[in-house]
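Below is one structure, written out as structure tokens, with a few remarks after it.
Just so you know, all these numbers are worked out from the coordinates, no wet-lab data involved. These numbers were taken from a predicted model, which means no experiment stands behind them. Backbone-built Cβ (ideal geometry, glycine too); neighbour counts: all protein chains shown.
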Amino acid sequence: MRVFNFAPGPAALPLEVLEQARDEMTDWRGSGMSVMEISHRSKAFMAVAAEAEADLRELLAIPGDYKVLFLQGGATGQFSAIPMNLTHADSSVDYINTGSWSKKALGEARHYCKVNVAADAAASNYTTVPPRSAWKLTPGAAYLHYTPNETIGGVEFPFVPQVDAPLVADMSSTILSRPIDVSRFGVIYAGAQKNIGPSGLCVVIVREDLLGRARHGTPSVWDFKAVADEGSMLNTPPTFAWYFAGLVFKWLKKQGGLSAMEERNRVKAELLYATIDSSGFYRNPVDPACRSWMNVPFVLAAPALDRSFLAEANQAGLVNLAGHRSVGGMRASLYNATSIEAVRALTEFMREFVRRHG
């Protein structure tokens, strides 16, 4: 029996895609081999890679002057790769700090260049996004980095920043959840294990004019231009994750694309937030204007009931609802593969829990 999985990542994957991968596991397209056993440089896999990129470009309407890279190292690898590719030692960069992942990204950047924290949400305990009017930007900054959605804190930007510097975004937990205007960004990067596929893959979308700037000593596997020139096959890529991502892209197209996913994700988030807000028992700490569609943290009126809530939820087939260890409480992640039925089951359980324990 499949459970309703609210994990923040590695996260739920579409059942239809899992079943296809299962059916093709030992005999991919009549080859007598698994896709994991086929050379990444074979014509067969090169076709898989090209088709996955084409489908991602179609889903996101990626302009022709952007390169799409399929890399290893996760989003965390990009915390270093971004400054290595876009700065020199004396460069200044701007970061907006809205929580745990922003903080990790700017901490890594400090190894490579001068980091200006242009805005910091610490005063709100990272429950909101600092207003654009309060940002202190650096003239001539090499780029501005922000995290559109903080997976741990459940804080989401309600706007795309308008700045002069190239805009760099860690979209790990929001990519493919709705349409975006890629042309507003210099670099978008995203770990796969939330809305793209299994862990082990990181997608980077980079504007071509930002290629060829890597500082001396940058490892070739992190050099955007070197990787782009080799079609993301400078070294052996994570072939299974790339193949699986391609299946997810096909699934998204069958669902109606990102406009359809946007509506579905809006409905899921509104249902869960309405249940929290109307309960008098649960509370979401985030500024309502900055609430995440993808990651919904909440606390109980009686923290002593946390263990009971999680244990009873697990018994009901609602799993991976514990909040991040750094903040506690609960967190439900509502990525694309999490169905409306799963959210309905969760909200019904939450109301029943209040009836018995409130």
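Numerical summary
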| item | result |
| --- | --- |
| Largest-first principal axis extents, alpha carbons of the range 221-287, Å | 55, 29, 20 |
| Among His145, His88, His216, residue whose mean-square fluctuation peaks in a GNM of the chain (springs only between Cα atoms under 10 Å) | His216 |
| For the range 256-357, size of Cβ-based charge dipole, Lys and Arg +1, Asp and Glu -1, in debye | 200 debye |
| The range 16-254 - charge dipole about Cα centre, Lys and Arg +1 at Cβ, Asp and Glu -1, debye rounded to 20 | 360 debye |
| Whether the range 16-254 is rounded, prolate or oblate, judged on the alpha carbon gyration tensor where a/c under 1.5 counts as rounded | prolate |
| Residue with peak Gaussian network fluctuation, the chain [Cα springs, cutoff 10 Å], from Trp28, Trp222, Trp101 | Trp28 |
| Computed label-point distance, nm, for sites Glu348 and Lys114 using a 7 Å Cα→Cβ extension | 6.0 nm |
| Computed magnitude of the charge dipole of the range 79-202 (debye, nearest 20; Cβ of K, R +1, Cβ of D, E -1) | 100 debye |
| log₁₀ of I(q)/I(0) at q = 0.24 Å⁻¹ - the range 256-357, Debye sum with one point per alpha carbon | -1.48 |
| For the range 1-95, the fraction of alpha-carbon pairs in successive 10 Å shells from zero, as % | 11, 26, 36, 20, 7, 1 |
| FRET efficiency, 1/(1 + (r/R0)^6) with R0 25 Å, evaluated for Ser326 and Ala302 via beta carbons | 0.70 |
| Full-stretch length increase - Leu15, Asp181 - with 0.36 nm per residue and alpha-carbon distance subtracted | 56.9 nm |
| Tensor-based shape of the range 155-234 (alpha-carbon gyration tensor, a/c under 1.5 rounded, otherwise prolate or oblate) | oblate |
| Antiparallel bridges, percent of DSSP beta bridges restricted to the chain (to nearest 5) | 55 percent |
| Pair Asp27, Asp277: separation of 7 Å Cα→Cβ label points (nm) | 5.4 nm |
| Among Met36, Met294, Met171, residue whose mean-square fluctuation peaks in a GNM of the chain (springs only between Cα atoms under 10 Å) | Met36 |
| Extended-chain gain in nm, criterion 0.36 nm per residue less alpha-carbon gap, Asn314 and Ala61 | 87.1 nm |
